[in-house]
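Below: the structure, in structure tokens.
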Amino acid sequence: MSAVISTECLTKYFGAHRGVDGLDFEVTRGETFGFLGPNGSGKSTTIRLLLGLYHPTAGHAKVFGQDPNRHAVAILGKIGYLPGELVLYPRLTGREHIDFVAHSRGMSDRTERDQLVERFGVIVDRPAHTLSKGNRQKIGIVLAFMHRPELLILDEPTSGLDPLMKDEFHRLVRETVSEGRTVFLSSHELDDVQRVVDRVAIIKEGELIVTGTVDDLRKAAPRTIEFRFPVNVDPEVFAAIEGVRVLDTDGRHIRLSLQGPVASVLQAASELDPIDVVARPADLDEVFLAYYRDTSADESLPEKTREH
């Protein structure tokens, strides 16, 4: 599988301020790649480097095997982009925005754009400044997808959408990659990401701290186990076990985070005659938070998941 996006030591500084530093990752054709991080972590800076809007301070990025700064016209014609802060002309209608972009791209076939407008219930005959955030976002989705680009770069794409429209957007992403096209999805909406991505990278303070499949990250992250007992128990019984962290307790009920084998926890619990137990794997939001706690991720997660 060929790389649609590849970076090597990609670095961008703004004076003394670090935007991103030493990014190494690849996005292969026909996959959905999730790029996770909170505001200010370097997600948007990375996207602007991929689009050729910024010149790197060091290292390089390639999109379709080409330098975005040297071959912008060839690359951008194959990309659909939805920015994190979509800006529309306030007095133009949705239809006028769509017509303008379609004309600038030389699009003569209206089939795809009309299907997207209908699919998402886009309001096309009112000025943009009269529309809600969600309705403006729908216009942005049409603009990004309507020319059937080979690569979609989407920054917080479901911002403002209601649950039904989010589900429809997820279906659109899955259809897109099933056709062999590629989606680079940057977000802090963790539920959106885990529902559609194949692999995910987590960026923290401008540096990649982990890259892997969602399943691999879940396996590596702490699981949650809850016990309910007939009488109050001392949480130190569990806190003393290696790999265990007490998340919450009210005496008879205790919730634990477990990294490693479960046998020692079950043995300790069995001696206290539990009346109920619930265990579940980590969700992606818990994986994400594990890497963003004050404690270093290198201390809490296995070696195989770290990015070097």
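Do any helices (runs of 4 or more DSSP H) lying entirely in the stretch 187-286 carry at least 2 residues that are in contact with a Ser or Thr (Cβ under 9 Å, 6 or more places away or on another chain), and which ones are they?
190-196, 214-220
Name the helices (runs of 4 or more DSSP H) wholly within the stretch 38-125 that hold at least 1 residues that are in contact with a Lys or Arg (Cβ under 6 Å, 6 or more places away or on another chain) and within 26 Å of Ala3 (Cα to Cα)? First the steps, then the outcome.
On the way: elements: 43-50, 72-76, 94-104, 111-119.
Answer list for the stretch 38-125: 43-50.
So how many residues does the stretch 80-102 have that are out of contact with any Phe, Trp or Tyr (no Cβ under 9 Å at 6 or more places or on another chain), surrounded by 14 or more Cβ atoms within 10 Å (Cβ to Cβ) and not aromatic (Phe, Trp, Tyr)?
The number of residues fulfilling the criteria is 11.
Quick check on the stretch 243-258. Is at least one of its residues under 26 Å from the mean Cα position of the chain (by Cα), modelled with pLDDT under 90 and of a type in the set (A, V, I, L, M, F, W, C)?
Yes: the stretch 243-258 contains one or more residues that are under 26 Å from the mean Cα position of the chain (by Cα), modelled with pLDDT under 90 and of a type in the set (A, V, I, L, M, F, W, C).
Test Thr176 against the stated conditions and say whether it is without any contact (Cβ under 8 Å) to a residue 24 or more places away in the chain and either under 29 Å from Tyr291 (Cβ atoms) or not charged (D, E, K, R) (or both).
Against the criterion (without any contact (Cβ under 8 Å) to a residue 24 or more places away in the chain and either under 29 Å from Tyr291 (Cβ atoms) or not charged (D, E, K, R) (or both)), Thr176 does not qualify.
For every residue, the table says whether it meets (1) under 25 Å from Leu190 (Cα atoms); (2) modelled with pLDDT under 95.
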site: Val4; (1), (2): yes, no
site: Glu8; (1), (2): no, no
site: Val20; (1), (2): yes, no
site: Leu23; (1), (2): yes, no
site: Arg29; (1), (2): yes, no
site: Pro38; (1), (2): yes, yes
site: Lys43; (1), (2): yes, yes
site: Ile47; (1), (2): yes, no
site: His60; (1), (2): no, no
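Note down all Cβ pairs under 7 Å where the first residue falls in the stretch 1-30 and is farther than 13 Å from Ala61 by Cβ, the second is aliphatic (A, V, I, L, M) and assigned to a strand (DSSP E or B), and they're at least six residues apart or on different chains.
These pairs meet every condition: Thr28/Ala3; Thr28/Val4; Arg29/Val4.
Taking the options Gly30, Gly37, Gly15, Gly19, name whichever one is within 13 Å of the chain's Cα centre (by Cα), in the same structural domain as Gln194 (by TED's automatic domain parsing), farther than 17 Å from Pro68 by Cα and not acidic (Asp, Glu).
Going through Gly30, Gly37, Gly15, Gly19 in turn, the sole match is Gly37.
Can you tell me which residues in the stretch 49-74 are buried (at least 19 other Cβ atoms within 10 Å of the Cβ) and free of Cβ contacts under 8 Å to residues at least 24 places away in the same chain?
Pro68
The values are calculated or read from the model by the stated rules, or taken from the named source; none is laboratory data. What you see is a predicted model; the values in this text were computed from it and never measured. Cβ sites come from the backbone with ideal geometry, for glycine too, and all protein chains shown count toward neighbours.
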